1. Of all residues in the stretch 53-79, which are farther than 19 Å from Val260 by Cβ, buried (at least 17 other Cβ atoms within 10 Å of the Cβ) and among the aliphatic types (A, V, I, L, M)?
2. Which one of these does Thr67 not meet: (1) free of Cβ contacts under 8 Å to residues at least 40 places away in the same chain; (2) farther than 18 Å from Met163 by Cα?
3. Regarding Val34, is this residue at pLDDT 95 or above, among the β-branched types (Val, Ile, Thr) and either more than 26 Å from Leu283 (Cα to Cα) or not in a loop (DSSP other than H, G, I, E, B) (or both)?
4. Among the helices (runs of 4 or more DSSP H) confined wholly to the stretch 179-263, which include 1 or more residues that are free of Cβ contacts under 8 Å to residues at least 40 places away in the same chain and closer than 28 Å to Asp71 by Cα?
5. State whether one or more residues within the stretch 160-178 are assigned to a helix (DSSP H, G or I), of a type in the set (Val, Ile, Thr) and in contact with a strand residue (DSSP E or B) (Cβ under 7 Å, 6 or more places away or on another chain).
6. Quick check on my filter: what residues within the stretch 102-132 are among the hydroxyl-bearing types (Ser, Thr, Tyr), in a helix (DSSP H, G or I) and either surrounded by 23 or more Cβ atoms within 10 Å (Cβ to Cβ) or touching a strand residue (DSSP E or B) at 6+ places or on another chain (Cβ under 8 Å) (or both)?
7. Considering only residues that are more than 19 Å from the chain's Cα centre (by Cα) and basic (Lys, Arg), which ones fall in the stretch 90-111?
8. Count, please, the residues in the stretch 45-100 that happen to be within 14 Å of Thr22 (Cβ to Cβ), polar (S, T, N, Q) and assigned to a loop (DSSP other than H, G, I, E, B).
Amino acid sequence: MDILSLFTVPERTKAGYGFADTPVKISFKQSNVVLYGVPFDGTTSFGKGTSRGPEAIRLASARQIETFVLDEKADIYDLVGIFDLGDLKLPKAKSVARILASLDSAIPKVVASLRNDNKIPVMMGGEHTLSYYQLKALAKEEPVVIQFDAHRDMKPEYEGLKMCHTTPFYHLLEHIPGEDLIQIGIRQTDKEENETAAKNGVTTFDAWQVHEHIEAVADHLQKATAGKKIYISFDIDAYDLPYLPCTGTPEPFGLDPFQVLKLVKAISPSARLIGMDMVEVGLKNGDFREGALATQTLYRILSRNYARP
């Protein structure tokens with residue numbers, strides 16, 4: 001299936017650049033990781049701006065950040081072949097429901113096409129609702145799902161919306177067994193979400209556990225992912241509030257970049273990444289700190305053995 005018609009090429013997006021813009025481009029055929037943006041934040045209930053996430057990541061990666069990953073002592077493009085499809089075209093409909101219905105159709109088509117070509121789809125959001133559509137499409141591959149997040153996103157509905165940025169992982173439990181979901185960095189939830197997680201066997205490492213017992217968390221990740229297919233859903237608000245000047249729902253007591261790096265590196269090298277998303281990245285007042293943090297996090301994940309061909 002030709003999916004290119006579904007996208008605005010990177011050079012014609014608001015960023016005007018592809019991810020980690022380099023002088024020597026690789027072709028779609030040569031790649032094993034394919035990025036695409038979904039600039040949508042139609043259901044956000046507090047701060048807006050995550051629709052500019054793909055723009056922030058592309059600009060930071062193309063104009064500010066070198067592609068040499070210092071702690072790996074290698075260029076990201078020497079470790080993995082990355083191709084940027086651009087931004088998924090969204091319908092001009094004013095109705096959020098119509099846009100979500102369009103995404104529910106388009107994203108699974110994109111994912112199926114990429115997986116048929118043995119590519120790893122990497123979505124740049126946009127709000128966390130978007131993860132539902134990509135993960136649902138990958139559920140048949142039975143991945144262990146690792147969710148870095150300040151919030152569980154497990155409400156059955158919120159403010160009258162069944163599908164919105166606070167509900168995707170509740171509805172994903174219809175497609176992915178709870179025992180295959182690991183939530184890391186949680187520090188804001190409600191009683192019902194906690195009960196849903198416990199009832200479904202979800203593994204939770206809240207932010208206090210990461211701060212106080214990170215070795216135990218790393219050990220669990222290594223064992224739980226050994227020889228498994230994995231999916232990483234990374235909400236930028238897993239990081240602590242001082243790192244996040246733009247995201248819509250920042251929370252205190254969060255993780256720092258060195259803790260995230262330790263956990264990313266703890267995932268077993270024998271695991272196989274089948275997809276990931278980076279969501280809730282904001283851009284306001286020319287502040288690219290979140291774009292830079294998201295880019296560096298993507299580099300550290302995509303440079304690991306589990307993301308390589």
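1. Leu59, Ala62
2. Result: Thr67 fails condition (1) only.
3. So Val34 passes the test.
4. It comes to 207-212, 214-225.
5. Taking every residue of the stretch 160-178 in turn, none turns out to be assigned to a helix (DSSP H, G or I), of a type in the set (Val, Ile, Thr) and in contact with a strand residue (DSSP E or B) (Cβ under 7 Å, 6 or more places away or on another chain).
6. Correct list: Ser131, Tyr132.
7. Lys92, Lys94, Arg98
8. The number of residues fulfilling the criteria is 1.
The values are calculated or read from the model by the stated rules, or taken from the named source; none is laboratory data. Remember, it's a predicted structure, so these values are computed and weren't measured experimentally. Heads up, the Cβs are rebuilt from the backbone with ideal geometry, glycines too, and the neighbour counts pull from every protein chain shown.
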